[in-house]
Amino acid sequence: MAYTVQVGAIRCHILSDGLHYVDGGGFFGLVPRLMWERVIEPTPTNLVPCDSRSLLIESDAGLILVDVGNGDKLPPKVRERMGLSERNLRLVGEIARVGYKPEDIDIVVFTHFHGDHIGGATRWSDDGGEQVVIPTFPRARYIGNRIELADASFPNERTAATYIADNFRPLLERKQLEIVDGPQRLATGVRTDIAPGHTQAIQVVWVESQGESLLFLGDAASWAVHLSRLAWVPSFDIMPMISIETKRRLRHEAMEKNALLVFQHDPQVVTGRLVAGARGPEVEPVLTEPAHFDASA
Ligand SMILES: [Zn+2]
């Protein structure tokens, strides 16, 4: 489902590449199931739904797209395991729903290089009977962090399944991937910040205009509950203790700015704002998904 939000003078669209399913232990790590199943009810095989949201920003530097979902290149077996539908260039459909085409995208920002965030950066194309991988957004300048690219290029046994060369190597070959270090200013009121924990150099994106702000958290806080409870750290995170400190810092900054928070993977809470709670700042949902929305639509 696509949602449009206005941040001061900047219009943003929250788009979805659809739901897939992951083991509850992935998102909730050491948290006992008895506690997290109050947040989301798992399937009988302990799976929980996971949304893949992107942010499309209408900036003065052009259209900026943050993350691009799973894409269509996953082998059928993997797709089946993740509960992904066949027609998964869903993000492109969502972009069309808000009035744009892939050719209109000027900048694509990768929060990090995991497959569920950059799989849609490239896609299969039929080149005279031969299947080749091409950039999904032909005119776009793709932006990724140097440390993230290094980790993705040389994965180890734990990370190999999520770092897939076809997602970024075709971009490098075409000189369409710009490698950056540290926080970046992408347009007036649009900037990235480094938020380590989930990976070494994951980026979050701030949109700020006329005293209003939006924070796209990526996997720095994948679900709203991860921000409300600092100790709830996904077992996906490679540096869990750092994740906690990153969340503490982002929470402080977001609270000060009364920022609208966008949760990338939360199947229920799309956006929220922080309010003072008994244990510190807590997320109060602003926009929630309809309970029975059709994930494959
Ligand atoms: Zn993720």
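The values are calculated or read from the model by the stated rules, or taken from the named source; none is laboratory data. Please read all numbers here as calculations on a predicted model, not as lab measurements. A quick note on method: Cβ atoms are made from the backbone with ideal geometry, for glycine too, and the neighbour counts reach across all protein chains shown. Protein only, heavy atoms only, side chains kept; ligands, DNA and RNA dropped before computing areas. Shrake-Rupley method; radii C 1.70, N 1.55, O 1.52, S 1.80 Å.
Matching residues to (1) open to solvent by 20 Å² or more (accessible area, probe 1.4 Å); (2) among the β-branched types (Val, Ile, Thr); (3) closer than 24 Å to GLY25 by Cα:
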| site | (1), (2), (3) |
| --- | --- |
| PRO183 | yes, no, no |
| ARG191 | yes, no, no |
| ILE194 | yes, yes, no |
| LEU217 | no, no, yes |
| ALA220 | no, no, yes |
| ARG248 | yes, no, yes |
| HIS265 | no, no, yes |
| GLY277 | yes, no, no |
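Residues in region 35-54 that are more than 16 Å from the ligand (Cβ to nearest atom) and of a type in the set (D, E, K, R): GLU37, ARG38, GLU41. Of all residues in region 279-297, exactly one satisfies the criterion of being open to solvent by less than 30 Å² (accessible area, probe 1.4 Å), under 19 Å from the mean Cα position of the chain (by Cα) and modelled with pLDDT under 95, namely GLU289. Across region 8-34, the number of residues qualifying as within 22 Å of LEU227 (Cβ to Cβ) and either crowded, with 22+ Cβ neighbours inside 10 Å or within 16 Å of the ligand (Cβ to nearest atom) (or both) comes to 15. Here the helices (runs of 4 or more DSSP H) wholly within region 16-105 that include at least 1 residues being farther than 24 Å from PRO290 by Cα and modelled with pLDDT of 95 or more are 24-28, 33-36. Scoring ALA96 on the criteria (1) open to solvent by 10 Å² or more (accessible area, probe 1.4 Å); (2) closer than 21 Å to VAL204 by Cα; (3) among the small types (Gly, Ala, Ser) leaves a single failure, condition (2). With the condition kept exactly as written, say whether any residue in region 171-188 is more than 20 Å from GLY120 (Cβ to Cβ), within 15 Å of the ligand (Cβ to nearest atom) and either small (Gly, Ala, Ser) or out of contact with any His (no Cβ under 9 Å at 6 or more places or on another chain) (or both). Looking through region 171-188, none of the residues is more than 20 Å from GLY120 (Cβ to Cβ), within 15 Å of the ligand (Cβ to nearest atom) and either small (Gly, Ala, Ser) or out of contact with any His (no Cβ under 9 Å at 6 or more places or on another chain) (or both). The condition of being part of a strand (DSSP E or B), acidic (Asp, Glu), over 20 Å from VAL109 (Cα atoms) and in contact (Cβ under 8 Å) with a residue 40 or more places away in the chain holds for only one of GLU245, GLU282, that being GLU282. Within region 107-137, the set of residues being away from the ligand (no atom under 16 Å from the Cβ), over 25 Å from THR188 (Cβ atoms), outside any strand (DSSP E or B) and modelled with pLDDT of 95 or more comprises THR136 only.
If the condition is being of a type in the set (Ser, Thr, Tyr) and open to solvent by less than 30 Å² (accessible area, probe 1.4 Å), then region 126-158 contributes THR136, TYR142.
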